[in-house]
Structures are given as C-alpha cells and as structure tokens.
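The values are calculated or read from the model by the stated rules, or taken from the named source; none is laboratory data. Keep in mind it's a predicted model, so treat the numbers as computed, not measured. Here the Cβ positions follow ideal geometry from the backbone for every residue, glycine too, while neighbour counts run over all protein chains shown.
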Amino acid sequence: MSGPDTASDGLVDVAMGPTARGGDARHAVGFSHAALFYHSGREDQTAVTAIVRGAADSCAPLHVAVRRQTTRLISVAWRSPPAGSRIVDMTELGRNPARIIPAGLSFGDQNPGRHVYCVWEPAWASRSGAELSEVIRHEALCNLAFRGRPMTVICLYDIAQLSAGYIADAERTHPAVISDGHRRASAYYLGAGRLPPGCDDPLPPPPADAEVVAFNGYLAPVRAFSARLGTAAGLTTTRISDLVLAVSEVAANALGHGDGSGVVTAWCTTDEFVCQIEDRGYIADPLAGRRRQSADAPGGHGLWLVNRVCDLVERRTGQDGTITRLHMRRVAAS
C-alpha cells in the first residue's frame, strides 16, 4: 500500500478512532467503525499490520477475525497479544455474516470496563452475491449493534479482489475510511442501520421445480418436509438436524407473531440446499437474531439459533409479511 509510513504512531492513532486524550489508543472511548482498504497485490501492506500492532501495543483486548490468507499479515504484528485477545478464522465465524455481530458483542461482554479492538475481514471475492449482500447488511447493522460501546472495529477490504461497486458500498456503511495511510470521514456514509441501494431488494424467485408445503398452526408437516428433502439433498445427519431445527424455529416464529400460517419452499443447487419460509408476520427489529438473549429472556432465542446453524440466512420483511431463506451447504466450506 502506498502512502506515508503506516507503522508510524500517526496512522495508528488515526485508525483507532475517537480518543479521550492526546490520541493515545489505550485511552480510546466510544464506538468507532472504519473500513481499511488495502491491496493484496502489493508488497507494502503495513497499514494492516500497523492497525494490529497499535491495538496490541495499547494493551487492549484484540479480536481478529480474518481469512487464512490474511493471517500472515496479522502474524507479523501479533507479537505479544494482550490478555483476552483472540484470533479466529473468518471463513468459519463469518460464513453466515449474521454471526459476526454476536461474536463482537460477546467479546465486549467478556472484557467489561475495557475498550476492545476488532480487526475483521468480512468480504472476499469468492463469496456469492447473496453472501456479499448480507455482509453489507452486517456492516450497516454494526453501527446500531455497537453504538455507545467502548469498541473500535476496523474492517479490511482487499481492493485488488473486490469490485468497485462493493468498495463503494463499504464507504456507505462505514462512518470512516482508511486508505493510502490516511483516515477520513466517509462522504457517502448513509447512517446507522441504513442499507445501500439494492441490498434489500426482493429475493430472486425459487426455481420452477422447487417443492412446496403449506402449514397452518402445526409444525409436524414442516419438520417432515425439511427432513425428507434434506436427506434427499445428501446432507449429513447432523446437518439435517440443524436444518429441521432452523426451519421449525422460523415457522414457530410465524405461529407466534404472524397469523399462524405460511408456506415452505425448498430446492437444491449444485452447492446448496435452500429452504424458504414465507409468513404474514413482520420482524420490526433489524437486529433480530444477532443478539444472544439471556436464558430467562421471554423470546428471541430462535432466530439467534437459526443464524448459528445455517450457512447463510436472508430475510426480507415488511408489513405484508416476511420471507426467510435458509442456505445449507452440500459441500465442504472452501
């Protein structure tokens, strides 16, 4: 990456976001969310390592979730991580992007009274269009989920591999951008929770040969339907159990918050088994399923579980009803 010496204190301070005094990262306050654009095809990628090194040097807990290919950049700076720090594979944690916010909330809760730093890489070129759309949604919702928390989130975007349109969407979902060694406010930021154009468009229709079952007050037909088709799709016994759980939870939500009826549609692609639930309910909370509820909470557990067990969850909701599309991979994750 071109630009000034990105290992200098200046870039680290700027990258870390709001500080309480003197630009010292160890005294950072509030929530900061920035996209860091880097170029994997260039040898000089010290902007990435400088962010990690600066957070580590601040003695603050550091949560790193990146692809295996990016881990080598992080390891250069991962000298002596502070207590409570974690590094995980984003292709596992973020396979369903809706899992990332719960991980961040949990990490913050595990470090009470401390400002925490998160270095995440949620997007990469081999992701499907549906996955990338859900990453955009995740980024927009970060600004709601972490608002007011003592947390700095830096999201890595490889401009050598991601499209210009996708980079533009990253600018729309991040209040700040770090590029060529400089941090700036994003002129295109839409605001907390606001989605870029196209991100919430209607989902493509199911294929003509998709199988359908209706339900009205009873979940047994839904469970039998999803188990039968999941088996036919070649899912393992464990994945079939996950599928039945997820479909049942979404349908149960329709029973509890809709008119008790709905339609389940299922089909296979080369790589996935897809199950879609349509009902008349409306999910008003954009963060539904992205917060882990306490054991004694009256509700909210089901959608969180759905996000845990599915490889991707797409949802479109409005006053006319809700469509929830569940994706289960038929092949090993790449």
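Numbers below:
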read-out: Condition met for Ala20 (closer than 27 Å to Leu162 by Cβ and at pLDDT below 95); value: no
read-out: Residue match in the stretch 84-107 (condition: in contact (Cβ under 8 Å) with a residue 40 or more places away in the chain, polar (S, T, N, Q) and assigned to a loop (DSSP other than H, G, I, E, B)); value: yes
read-out: Top-ranked residue of the stretch 265-323 - restricted to ones that are part of a loop (DSSP other than H, G, I, E, B) and β-branched (Val, Ile, Thr), ranked as modelled with the lowest pLDDT; value: Ile283
read-out: Near pairs, Cβ below 7 angstrom, 6+ apart or cross-chain, from the stretch 183-198 (among the hydroxyl-bearing types (Ser, Thr, Tyr)) to any residue that is part of a loop (DSSP other than H, G, I, E, B); value: Ser186/His174; Ser186/Pro175; Tyr189/His174; Tyr189/Pro175
read-out: Filter result (under 15 Å from Val48 (Cα atoms) and at pLDDT 95 or above) within the stretch 158-189; value: Val177
read-out: Flag for Ala227 being buried (at least 19 other Cβ atoms within 10 Å of the Cβ) and assigned by TED's automatic domain parsing to the domain that holds Val274; value: no
read-out: Failed item, numbered, when Pro61 is tested on (1) modelled with pLDDT under 85; (2) out of contact with any Leu (no Cβ under 8 Å at 6 or more places or on another chain); value: (1)
read-out: Looking only at the stretch 202-224, and only at residues there that are over 15 Å from Thr265 (Cα atoms) and assigned by TED's automatic domain parsing to the domain that holds Arg308, the one that is modelled with the highest pLDDT; value: Ala220
read-out: Lone unmet requirement of (1) of a type outside the set (S, T, N, Q); (2) surrounded by fewer than 18 Cβ atoms within 10 Å (Cβ to Cβ); (3) in a helix (DSSP H, G or I) for Leu73; value: (2)
read-out: Qualifying residue in the stretch 216-227 (condition: touching a Gly at 6+ places or on another chain (Cβ under 7 Å), in contact (Cβ under 8 Å) with a residue 40 or more places away in the chain and within 23 Å of Asp259 (Cα to Cα)); value: yes
read-out: Sole exception among (1) more than 13 Å from the chain's Cα centre (by Cα); (2) crowded, with 21+ Cβ neighbours inside 10 Å for His138, by number; value: (1)
read-out: Boolean, Leu144 is surrounded by fewer than 20 Cβ atoms within 10 Å (Cβ to Cβ), touching a residue at least 40 places away in the same chain (Cβ under 8 Å), under 29 Å from Ile87 (Cα atoms) and not polar (S, T, N, Q); value: yes
read-out: Search result, residues across the stretch 104-123 that are hydrophobic (A, V, I, L, M, F, W, C), within 21 Å of Thr173 (Cα to Cα) and in contact with a strand residue (DSSP E or B) (Cβ under 7 Å, 6 or more places away or on another chain); value: Val116, Cys118, Val119, Trp120, Ala123
read-out: Any hit, the stretch 191-210, residues being within 19 Å of Ile323 (Cα to Cα) and touching a helix residue (DSSP H, G or I) at 6+ places or on another chain (Cβ under 6 Å); value: yes
read-out: Top-ranked residue of the stretch 237-281 - restricted to ones that are β-branched (Val, Ile, Thr) and closer than 26 Å to Gln319 by Cα, ranked as surrounded by the fewest Cβ atoms within 10 Å (Cβ to Cβ); value: Val263
read-out: Residue satisfying all of: in the stretch 211-222; outside any loop (DSSP other than H, G, I, E, B) and either of a type in the set (A, V, I, L, M) or on the phi > 0 side of the Ramachandran plot (or both); surrounded by the fewest Cβ atoms within 10 Å (Cβ to Cβ) among these; value: Ala220
read-out: Restricting the stretch 244-264 to residues that are in a strand (DSSP E or B) and out of contact with any Pro (no Cβ under 9 Å at 6 or more places or on another chain), the residue that is nearest to Arg330 (Cα to Cα); value: Val263
read-out: Residue count, the stretch 172-184 (criterion: of a type in the set (A, V, I, L, M) and under 19 Å from Leu144 (Cβ atoms)); value: 1
